[in-house]
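To keep things clear, I will list the structure first and then write my remarks on it.
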Amino acid sequence: QVQLVESGGGLVQTGGSMTLSCAASGSIFSLNDMAWFRQAPGKQRELVARISSDGRINYWDSVRGRFTFSRDNAKNTVYLHMNNLDSADPSVYYCNTLPPRDCWGRGTPVTVSS
């Protein structure tokens, strides 16, 4: 079974930057579209960015221009570099395939202080 392990979250000041990583136990990245999701307390999990198996990237409006999605298939790892973090960004961030498999990781929490 595929395991997804997110890391890199923590506390950052408003306007700061942070890079999240997601490593998979199996070689799923090269064959699948991948996505980053986030879930804030009391809210539904939402999709924030996706990358296709051939490298095409889409960002949702809330993060476009601030977040950068990249992947390293050789390392079975995807990354989310986040710039100019603001009060709308604190959440637990998850990665998964798209459509998502039933193998969610624990996520990595991001907190933004003013």
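For the reader, a short list of remarks on this structure follows.
- Some residue of segment 16-31 being more than 21 Å from Ser114 (Cβ to Cβ), among the aromatic types (Phe, Trp, Tyr) and open to solvent by 60 Å² or more (accessible area, probe 1.4 Å): no
- Residue within segment 36-54 that is without any contact (Cβ under 8 Å) to a residue 60 or more places away in the chain and among the β-branched types (Val, Ile, Thr) present: yes
- Test: Arg45 is more than 21 Å from Ser114 (Cβ to Cβ) and surrounded by 12 or more Cβ atoms within 10 Å (Cβ to Cβ): yes
- Phe69 being closer than 18 Å to Val112 by Cβ, part of a strand (DSSP E or B), out of contact with any Ser or Thr (no Cβ under 6 Å at 6 or more places or on another chain) and open to solvent by less than 40 Å² (accessible area, probe 1.4 Å): no
- Matching residues, segment 55-88, being charged (D, E, K, R) and either free of Cβ contacts under 8 Å to residues at least 40 places away in the same chain or under 13 Å from Ser21 (Cα atoms) (or both): Arg56, Asp61, Arg64, Arg66, Arg71, Asp72, Lys75
- Any hit, segment 52-66, residues being open to solvent by less than 20 Å² (accessible area, probe 1.4 Å), part of a strand (DSSP E or B) and touching a strand residue (DSSP E or B) at 6+ places or on another chain (Cβ under 6 Å): no
- Subset of segment 73-100 [at pLDDT below 90 and either surrounded by 13 or more Cβ atoms within 10 Å (Cβ to Cβ) or of a type in the set (Phe, Trp, Tyr) (or both)]: Asn73, Asn76
The values are calculated or read from the model by the stated rules, or taken from the named source; none is laboratory data. Nothing here was measured: the structure is a model prediction, and the numbers come from that model. Note that we place each Cβ from the backbone using ideal geometry, even for glycine, and neighbour counts take in every protein chain shown. Please note that ligands, DNA and RNA were not included when accessible areas were found on the heavy atoms of the full protein model with its side chains. Shrake-Rupley method; radii C 1.70, N 1.55, O 1.52, S 1.80 Å.
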